[in-house]
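Here the structure is laid out as structure tokens; the discussion comes afterwards.
The values are calculated or read from the model by the stated rules, or taken from the named source; none is laboratory data. Here the structure is a predicted model, which is why all the values come from computation and not from measurement. Note: ideal-geometry Cβ built from the backbone for every residue, glycine included; neighbour counts use all protein chains shown. The accessibility values were calculated without ligands, DNA or RNA, using every heavy atom of the protein model including side chains. Shrake-Rupley method; radii C 1.70, N 1.55, O 1.52, S 1.80 Å.
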Amino acid sequence: MRTATVSRKAAASSAAGHGVNFLRVLDSEFIKFRTLMSTKILLACTALVMVGFAALSAWGTGQFADAAAQDPEAAAAMAAQGGDLAITVPTSGIAFAQLILGSLGVLLMSSEFTTGMARSTFAAVPRRTQPFLAKLAVVAVASFILTAVSTYIAGLVSLPILDSFDLKLDLGSQQSIKLLIVNSIYVAAVAAIGMSLGSLLRNSAGGIMSLVGLFFVAPIAFQLIPGEFFEEARKYLPGNTINPLTAVEHVPDTLEAWQAALVLGAWVVVPVVLAMFVLKKRDV
Amino acid sequence: MIEATGLRKVYGEKTAVDGVSFTVQPGKVTGFLGPNGAGKSTTMRMIMGLDRPTAGHVTVNGLPYAKHKAPLHQVGALLDAKAVHTSRSAYNHLRAMAATHGIPKKRIDEVIDMTGLSAVAKKKAGGFSLGMGQRLGIANALLGDPQTLILDEPVNGLDPEGVQWVRNLARYLAREGKTVFISSHLMSEMAQTADHLIVIGRGRIIADTTVDALIESQTRKRTLVRTPDTSRLGVLLAGEGVRVDQNEPETLEVSGIDPRRIAELALEHRVLIYELTPLTSSLEEAYFQLTRDEVEYHSHLESGTGAPGNRGGPAAPGAPGNPALSAPAATMEGTRR
């Protein structure tokens with residue numbers, strides 16, 4: 001009988017004195033992350049969208065610059081933008097990257113509950129905050145790296161296009177590097193918010209809808225609703241922190257960069273802490 | 001070793017587990033038996049620290065599950081055949097689980113081989129049949145070579161070979177000195193696998209005893225008597241605590257009196273008897289008897305003409321008109337703990 005192999009292993013595995021520690025949980029979550037086809041597809045889509053949008057944007061910017069050369073009105077508009085139109089070309093797909101990677105954050109956590117995987121996960125590691133934090137680290141770091149790498153590739157792809165319109169883009173310039181890093185951190189933050197929503201709601205559709213509501217619907221709704229409160233509150237929405245964070249100079253009627261950083265930080269920390277608290281309390 | 005004390009779980013209005021206390025001993029297969037909705041799975045989830053008890057507590061190998069440093073080496077559990085991400089392969093699922101405890105790859109291959117999953121290990125778990133899902137769940141439970149094994153309805157969906165395999169595995173592990181706790185709603189399965197039985201109904205423990213003792217306590221000894229003169233013998237036997245039923249011509253089923261006394265009475269009154277057979281109840285009958293009042297979801301067919309195979313109804317399969325089943329409720333109350 002095959003059962004004979006059970007006991008021979010008994011001595012070996014108990015003698016080794018295995019136990020759970022955070023690094024092992026991190027390893028487990030990383031294995032989980034890279035062994036799902038859907039994750040790979042979403043990551044590939046993000047890279048594709050980032051590069052594709054940058055190429056489109058490079059072409060569009062070139063057209064605009066050409067028009068500006070002949071049209072004084074367009075030239076005035078260009079000057080109003082600070083003169084350097086090409087600098088934001090590599091990160092022009094960021095709105096879509098945040099949507100996809102935010103949804104990925106939601107899915108990676110909500111699918112634990114919808115598939116029943118959570119019972120295996122939390123039986124193996126009963127201190128539930130450990131798998132949560134490990135997953136959070138995997139999701140955030142992966143989102144950061146993917147966004148950073150896609151942004152750089154997007155920049156490389158845009159260069160020849162911009163060049164054909166006689167536009168200059170220096171990927172090594174301070175502002176280029178700042179844009180790349182800040183945008184990547186921002187996308188990682190969105191993924192972390194998504195993961196917290198997935199953990200709190202334990203439902204994929206609900207989590208993604210909440211995320212879309214927070215990042216895409218709320219800014220528009222707050223703009224449409226009259227009243228000073230909504231006008232002010234709008235600045236504090238997580239999706240509206242990215243512009244102040246990447247601006248060369250402070251734009252009036254927006255948050256200062258440090259304020260935006262704090263607001264975005266709060267938008268990450270509050271859901272994460274709440275999700276961990278609820279995860280500890282609720283039955284799996 | 002699993003020790004539960006006053007374990008209670010309330011979901012809103014409904015009390016799923018109502019203050020159960022029991023001990024599951026090592027070196028034995030302990031069956032956890034009860035009708036659907038009796039609280040078996042909830043109790044097992046509380047043991048595993050997945051559900052928080054409303055009251056009471058439970059320890060495994062001396063500690064609450066969550067306090068163990070290496071829980072997979074202490075307890076292996078199959079709680080739900082589909083506690084697996086449907087899009088991940090069986091192998092990768094086990095790999096992720098093993099990683100949390102630093103269990104080597106060799107052990108993953110071993111449990112895959114042991115559970116007969118080799119051919120499908122690289123396939124997505126979502127496409128597995130119920131039986132394959134169960135095997136993966138059992139592989140998962142065995143991964144850490146745990147001291148205590150908790151299996152919730154492990155034979156559901158398994159083919160006969162698989163059922164036999166689970167049975168042998170459970171007995172083998174118990175012989176090795178491990179604690180094996182298996183739930184089932186099928187008494188026949190438990191009769192063949194378990195040494196000890198904990199019977200639960202509507203969240204309460206209604207029996208905690210050995211398989212033999214359960215049959216003993218839940219059945220009244222019956223004797224099959226064949227005689228041409230059933231009416232006369234019936235009158236002779238009638239008396240305190242004796243129950244006589246006639247289901248076929250020339251045949252009586254007598255309970256509450258032993259075969260020797262029946263023979264003596266027949267001899268005394270010169271009634272011809274040409275068969276006198278002691279009948280023993282099966283575990284299944286004992287189980288019906290025990291859980292009759294505790295079944296949460298009664299089938300509505302049971303008030304009819306005794307639909308075959310109707311659990312909990314008066315007409316148990318294989319025992320038509322079984323007098324033991326219609327024994328007064330008082331005998332049952334006496335054996336509850």
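In the stretch B:76-88, which residue that is within 25 Å of A:L108 (Cβ to Cβ) and more than 7 Å from every other protein chain (Cβ to nearest Cβ) is nearest to the chain's Cα centre (by Cα)? If we take residues in the stretch B:76-88 being within 25 Å of A:L108 (Cβ to Cβ) and more than 7 Å from every other protein chain (Cβ to nearest Cβ), then B:L78 is nearest to the chain's Cα centre (by Cα). Give the stretch B:200-219 a look and list any residue that's on the phi > 0 side of the Ramachandran plot and either touching a Lys or Arg at 6+ places or on another chain (Cβ under 7 Å) or open to solvent by 10 Å² or more (accessible area, probe 1.4 Å) (or both), or say none. Selection gives B:R202 alone. When the stretch A:35-45 is filtered for residues that are within 9 Å of chain B (Cβ to nearest Cβ) and open to solvent by 10 Å² or more (accessible area, probe 1.4 Å), the ones remaining, listed by number, are A:T35, A:M37, A:S38. Pairs meeting the criteria (first residue in the stretch B:76-89 and touching a residue at least 60 places away in the same chain (Cβ under 8 Å) and open to solvent by 10 Å² or more (accessible area, probe 1.4 Å), second residue in a strand (DSSP E or B) and not small (G, A, S), beta carbons under 8 Å, at least 6 apart or on different chains) are B:A77/B:L149; B:A77/B:I150; B:A77/B:L151; B:A77/B:D152; B:L79/B:I150; B:L79/B:D152; B:D80/B:D152. The test for being at pLDDT below 95 and farther than 27 Å from A:M276 by Cβ holds for A:A67.
If you filter the stretch B:220-244 down to residues that are in a strand (DSSP E or B) and modelled with pLDDT under 85, you find that the one that is least open to solvent (accessible area, probe 1.4 Å) is B:R222. Residue by residue through the stretch A:87-129, note down the ones that are over 25 Å from B:T86 (Cβ atoms) and within 8 Å of another protein chain (Cβ to nearest Cβ). If the condition is that a residue be over 25 Å from B:T86 (Cβ atoms) and within 8 Å of another protein chain (Cβ to nearest Cβ), then A:R127 is the only one that fits.
Kindly establish whether A:A58 is in a helix (DSSP H, G or I), surrounded by 14 or more Cβ atoms within 10 Å (Cβ to Cβ) and either touching a Gly at 6+ places or on another chain (Cβ under 7 Å) or hydroxyl-bearing (S, T, Y) (or both). Criteria not met by A:A58. Could you tell me whether any residue of the stretch A:64-80 is open to solvent by 30 Å² or more (accessible area, probe 1.4 Å), in a loop (DSSP other than H, G, I, E, B), away from chain B (no Cβ under 14 Å) and not small (G, A, S)? Looking through the stretch A:64-80, at least one residue is open to solvent by 30 Å² or more (accessible area, probe 1.4 Å), in a loop (DSSP other than H, G, I, E, B), away from chain B (no Cβ under 14 Å) and not small (G, A, S). Elements of the type helices (runs of 4 or more DSSP H) sitting completely within the stretch B:95-193 and holding at least 2 residues that are more than 8 Å from every other protein chain (Cβ to nearest Cβ), open to solvent by 60 Å² or more (accessible area, probe 1.4 Å) and under 30 Å from A:F30 (Cβ atoms): these cover B:105-114. Residue-level analysis places A:A154 among those that are closer than 27 Å to A:A86 by Cα, part of a helix (DSSP H, G or I) and either in contact with a helix residue (DSSP H, G or I) (Cβ under 7 Å, 6 or more places away or on another chain) or small (G, A, S) (or both). Might you check whether a residue that is open to solvent by less than 10 Å² (accessible area, probe 1.4 Å), facing chain A (nearest Cβ under 9 Å) and part of a strand (DSSP E or B) occurs anywhere in the stretch B:67-75? The answer is yes, given that some residue of the stretch B:67-75 is open to solvent by less than 10 Å² (accessible area, probe 1.4 Å), facing chain A (nearest Cβ under 9 Å) and part of a strand (DSSP E or B).
When A:F165, A:F132 are screened for being of a type in the set (F, W, Y) and more than 14 Å from chain B (Cβ to nearest Cβ), only A:F165 passes. Given the criterion surrounded by 23 or more Cβ atoms within 10 Å (Cβ to Cβ) and without any contact (Cβ under 8 Å) to a residue 40 or more places away in the chain, identify the matching residue among B:G39, B:G49. Going through B:G39, B:G49 in turn, just one is surrounded by 23 or more Cβ atoms within 10 Å (Cβ to Cβ) and without any contact (Cβ under 8 Å) to a residue 40 or more places away in the chain: B:G49.
Every listed requirement among (1) out of contact with any strand residue (DSSP E or B) (no Cβ under 8 Å at 6 or more places or on another chain); (2) under 22 Å from B:T42 (Cα atoms); (3) of a type in the set (A, V, I, L, M) is met by B:A141 save one, (1).
Pairs meeting the criteria (first residue in the stretch B:236-254 and farther than 16 Å from B:L265 by Cα, second residue modelled with pLDDT of 85 or more and in a strand (DSSP E or B), beta carbons under 6 Å, at least 6 apart or on different chains) are B:D245/B:E253; B:Q246/B:L252; B:E250/B:R226; B:T251/B:R226.
The test for being within 17 Å of the chain's Cα centre (by Cα), in a helix (DSSP H, G or I) and at negative phi does not hold for A:L23.
Scanning the stretch A:43-64 for residues that are at pLDDT 95 or above and in contact with a Leu (Cβ under 7 Å, 6 or more places away or on another chain) yields A:L43, A:T46, A:A47. A count restricted to the stretch B:9-36 and to residues that are touching a Gly at 6+ places or on another chain (Cβ under 8 Å), more than 25 Å from B:L72 (Cβ to Cβ) and surrounded by fewer than 20 Cβ atoms within 10 Å (Cβ to Cβ) stands at 4.
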